[in-house]
Each structure stands twice: as structure tokens, then as C-alpha cells.
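Right, one structure below, let's go through it.
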Amino acid sequence: MNHSRSNACSPREPGLPPYQVVLSETDWGSLETPFGNGEDLPEVLTRLLTPDPKVQVNALSELGEMVGHQNTIYEATAPAAMYVASILTHPAATTPRPYRNVPIRAALLSWLASTVYDASDEIVGRTEQCSPGFLAPGTIVSSFRDLRPMLYRAVSPFLRDSHEDVREAAVVAALILAEHPALAGHRDHLAVNARAILDTSGDEPNRRVARRALEAWGHDAPDSEPLLEESWAWGPHSDGPSYLEPPF
């Protein structure tokens, strides 16, 4: 994993830039991906806004490999995540998934949740034990984690979405993002959402996120359930909630 300084858009900007700005002002060709540089990413990101849900789903799957291969944060991951967060309110995000009445927005939120989990306290804590300095200021992962308040502002409007799948995906993403100290004031409110997931969701990875958040924030949680520690992942990396699985 490369720990060099990221050339992505500044993680300390006060607001999330419009997706058009992220697309046009990012030097994609200079950013590292697992397969070289990110010069092909603009075309993939643009396909997320097409009216054809099959094209959207395939583009999101490609994006997961191009900026999150093997659950790793690359230089191109940050601007890609900013772009996805910026299009959550785009009309294209309301396109129903093929063969199911689920807006593409749920898949976009799930992708964001999966990606930010790869830079979560749990994951980076393990890595820091083996690689001291992994989170030093200016490293790729540290810079990506600085984006969390900005990404949270994009995700939070969907915490009360009318569609259950969108709402749950937003809550899971928000719970992970709220690990950032600047978002500590939102945790009591999010604890209510976390309990709702434990009460109603049958998705084990999402339940695990909810339980861990409650425990980390000092809230009471139901008795722990047996879970396989190393088996947890979802989104384009593992397709856990089946947002990206065929049939398309």
C-alpha cells in the first residue's frame, strides 16, 4: 500500500464541491490507482449519471475495483468518493435498480460506506500496529479520513429517507463517518438510528457496524451476537448486500 502524499482535492475544504468541479479540476492522470493512474476514472464516473441503470451499476462496480481494490485507499479514492457523495442528490440517483424497486442512491451510499470503512478506526488501528506512521499527517489514508465531515454532510440528508434501503445505507455510512472527532455531536442522534438497524435489519455487516458504534460511543447495545471477525466487508469489494449482483 502506498503511503505517499495524496494529490487529491483538499480534504479541508468547508463544503463538498459540485461533482462537475471534482471531475474537471482533479488531475486524475497524476493519481495512483491499483492499476496505474486514474486517467480512465472520469469516463467511469460520468457513466454513473446515465439514465440506464445497467450502465450505472456496471460503472459503480468498476469504480470499486479502480479505487478500492483489495480494500485499499489509493490517491484516486478521495476525489472519487467526493464525486459519488456529490451526485447523491442528482436525479440519476433516483433511477430504480434493475429487477428491484431500489434507487441507485442506495448503492451509491453503500459504496461510500464500504469505502470509508476501509479507512475506519477499526481497520487503520490494526494496520497502525504493524506499520507505525501509517496515519501520519499527509499520508493518503490520513488525508482521506480528513474528508469525513464533508462526506457526512452529503450523507446525512438521507438518514430519514422514505426508502428503507436508502435510509439504512445512509445510516451505516454515517455511523462510520461519525468516528471523526468533529462529528462527535451527532453520535447521540445516530445511536437511535443504530438501534433501529439492530431492531429491524437482517443484514449482518450493517448490524455489526451499528453494534460497534454503540459500544464505541458508550451506549447500551443488545447482547453481542457471534460474528466472524475477518469475514466482514460489503459493497463493491464483496457485494455483501447484493446491491451490485446480477441479474441486471
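The values are calculated or read from the model by the stated rules, or taken from the named source; none is laboratory data. Predicted model, so just to flag it, every value in this text is computed and none were measured. Cβ sites come from the backbone with ideal geometry, for glycine too, and all protein chains shown count toward neighbours. Note: areas computed on protein heavy atoms with side chains; ligands, DNA, RNA excluded. Shrake-Rupley method; radii C 1.70, N 1.55, O 1.52, S 1.80 Å.
Let's see how each residue does on (1) β-branched (V, I, T); (2) within 13 Å of V116 (Cβ to Cβ); (3) modelled with pLDDT of 95 or more:
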| residue | (1), (2), (3) |
| --- | --- |
| P149 | no, yes, yes |
| S156 | no, no, yes |
| R167 | no, no, yes |
| L175 | no, yes, yes |
| A184 | no, no, yes |
| A194 | no, no, yes |
| E204 | no, no, no |
| L214 | no, no, yes |
| E229 | no, no, no |
Please go through region 63-77 and give me each residue that is surrounded by 18 or more Cβ atoms within 10 Å (Cβ to Cβ) and part of a helix (DSSP H, G or I), ordered by number. L63, G64, M66, V67, G68, T77
So which of L60, L135 is surrounded by 15 or more Cβ atoms within 10 Å (Cβ to Cβ) and touching a residue at least 12 places away in the same chain (Cβ under 8 Å)? L60
Condition test on T94, is it open to solvent by 40 Å² or more (accessible area, probe 1.4 Å) and of a type in the set (S, T, Y)? yes
Within region 192-210, count every residue that is assigned to a helix (DSSP H, G or I) and within 18 Å of the chain's Cα centre (by Cα). 10
Would you confirm whether or not region 37-47 contains a residue that is farther than 20 Å from A107 by Cβ and either out of contact with any helix residue (DSSP H, G or I) (no Cβ under 8 Å at 6 or more places or on another chain) or open to solvent by less than 10 Å² (accessible area, probe 1.4 Å) (or both)? yes
Check L190, L177, L159 and return the single one that is open to solvent by less than 20 Å² (accessible area, probe 1.4 Å), farther than 28 Å from E128 by Cα and not aromatic (F, W, Y). L159
Could you check F144 against (1) more than 17 Å from E32 (Cβ to Cβ); (2) in contact (Cβ under 8 Å) with a residue 40 or more places away in the chain; (3) in a helix (DSSP H, G or I) and say which number it fails? (1)
